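Undergrad: One structure, pasted below without further comment.
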Amino acid sequence: MTADFSARKPHRQFEDLAVGEFRRSSERVVTQDEILAFARRYDPQWFHSDPEAAAQSVFGELVASGIHVLALWRQMDHEINWDIDWVCGIGWDELRLRRAVRAGDHIHVTSEIVSLEPSKTRDDRGTAITRYAVMLADGTEAVTFSSINLVYTRAGRARMTD
């Protein structure tokens, strides 16, 4: 699956966010073809890029690269959090690859805002920490992490459009 690009203008600033806000993406199926294409281009380890050799790995079959799963997360996160007026991401904490993602797995993404802190030095932004999970259909967490992001405030966005 290739996500369609849509340039939608975000409309929710820092003041519109709330701790505890939870979102869930739609589901998608990970295919062997996309695992192979991604791995052969970006992460050609044998258990990502060679189905026959991968059968002899600890996984017993081909698995998606963690970097590939994070790229899928990014697409799915855009689906659910496109409306937030992000400045940029500044880090990830506690990144865990908990369970391999395999061809045929149905995955979705969840996000929950766990912390909001206004900037102490600039009124144009605040910091939002969001806990993310790439989930399997059975409720297993495949990948988890906390994302630290700067979000424009209303004052910051107003100055940009003046």
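The values are calculated or read from the model by the stated rules, or taken from the named source; none is laboratory data. Being a predicted model, the structure only gives us computed values, none of them experimental. Here Cβ is always computed from backbone atoms with ideal geometry, including for glycine, and neighbour counts include all displayed protein chains. Ligands, DNA and RNA are excluded from the accessible area calculation, which covers all protein heavy atoms including side chains. Shrake-Rupley method; radii C 1.70, N 1.55, O 1.52, S 1.80 Å.
Undergrad: Based on DSSP H runs of at least 4 residues, each adding -39500 (n - 2.57), what is the mean residue ellipticity at 222 nm of the chain after dividing by all its residues, to the nearest 500 deg cm²/dmol? Don't skip to the end; give the middle numbers.
TA: Values: 5 runs with 43 residues, N = 162.
Rounded to the nearest 500, it is -7500 deg cm²/dmol.
Undergrad: OK, next. What list of ³J(HN,Hα) couplings, whole Hz, do you get for segment 64-77 from phi and the Karplus terms 6.51, -1.76, 1.60, once you set θ to phi - 60° and write x for glycine and proline?
TA: Rounded to whole hertz, the list is 6, 4, x, 5, 5, 4, 5, 5, 5, 3, 4, 4, 6, 5.
Undergrad: So how do PHE47, PHE22 rank on accessible area, 1.4 Å probe, biggest first, that is with the largest at the start? Provide the component values of the computation, followed by the final result.
TA: On the way: PHE47 40, PHE22 125 Å².
Sorted by accessible area, descending: PHE22, PHE47.
Undergrad: Go through ILE90, SER57, GLY139 and say which Cα lies farthest out towards the positive end of the charge dipole of segment 30-162; charges sit on Cβ, +1 for Lys and Arg, -1 for Asp and Glu.
TA: Farthest towards the positive pole: ILE90.
Undergrad: Additional query: State, to one decimal in nm², a quarter of the convex hull surface area for the C-alpha atoms of segment 58-104, i.e. the direction-averaged projected area.
TA: Working: hull surface 18.2 nm².
Result: 4.5 nm².
Undergrad: Over the chain, give the accessible area per residue in Å² for a 1.4 Å probe, as an integer. Present the calculation step by step, with values, prior to reporting the outcome.
TA: Values: 8970 Å² over 162 residues.
Result: 55 Å² of accessible area for each residue.
Undergrad: More than 15 angstrom separation, counting every C-alpha pair in segment 97-162; what % is that? Could the numbers behind the result be given before it?
TA: Numbers: 1323 of 2145 pairs.
So the pairs more than 15 Å apart make up 62 percent of the total in segment 97-162.
Undergrad: Once you put a point 7 Å from the Cα of TYR42 and another 7 Å from the Cα of VAL19, both along the Cβ direction, what distance in nm separates them?
TA: Each label point lies 7 Å from its Cα, and together they span 3.4 nm.
Undergrad: MET135: accessible area at probe 1.4 Å, nearest 10 Å²?
TA: The value for MET135 is about 30 Å².
Undergrad: Can I ask one more? Rg over Rh of segment 1-68, using C-alpha atoms and the Kirkwood radius, what does it come to?
TA: With Rg and the Kirkwood Rh in hand, the quotient comes to 1.19.
Undergrad: So, R0 is 22 Å and r is the distance between the beta-carbons of ASP33 and GLN56; what FRET efficiency does that work out to, to 0.05? If you can, show how the numbers build up before the last one.
TA: Values: r = 21 Å, r/R0 = 0.97.
Result of the calculation: an efficiency of 0.55.
Undergrad: Still on this model: With axes computed from alpha carbons, what is the tilt in degrees of helix 32-42 against the longest principal axis of the chain, rounded to the nearest 10 within 0 to 90?
TA: 70
Undergrad: I'd like the accessible area for THR121, computed on protein heavy atoms only with a 1.4 Å probe and all protein chains in place. Round to 10 Å², please.
TA: Accessible surface of THR121 is approximately 130 Å².
Undergrad: Also, quick follow-up: If you build the convex hull over the alpha carbons only and average its shadow over all orientations, what do you get for segment 40-125? Give it in nm² to one decimal.
TA: Details: hull surface 30.6 nm².
That works out to 7.7 nm².
Undergrad: If you don't mind, there's one more thing I want to ask. What nm distance separates the two modelled labels at LYS9 and HIS106, each placed 7 Å from Cα along Cα→Cβ?
TA: Roughly 3.8 nm, to one decimal.
Undergrad: What does the convex hull of the Cα atoms of the chain come to per residue, in Å³, rounded to a whole number?
TA: Values: hull volume 19.5 nm³, N = 162.
Convex hull of Cα atoms, per residue: 120 Å³.
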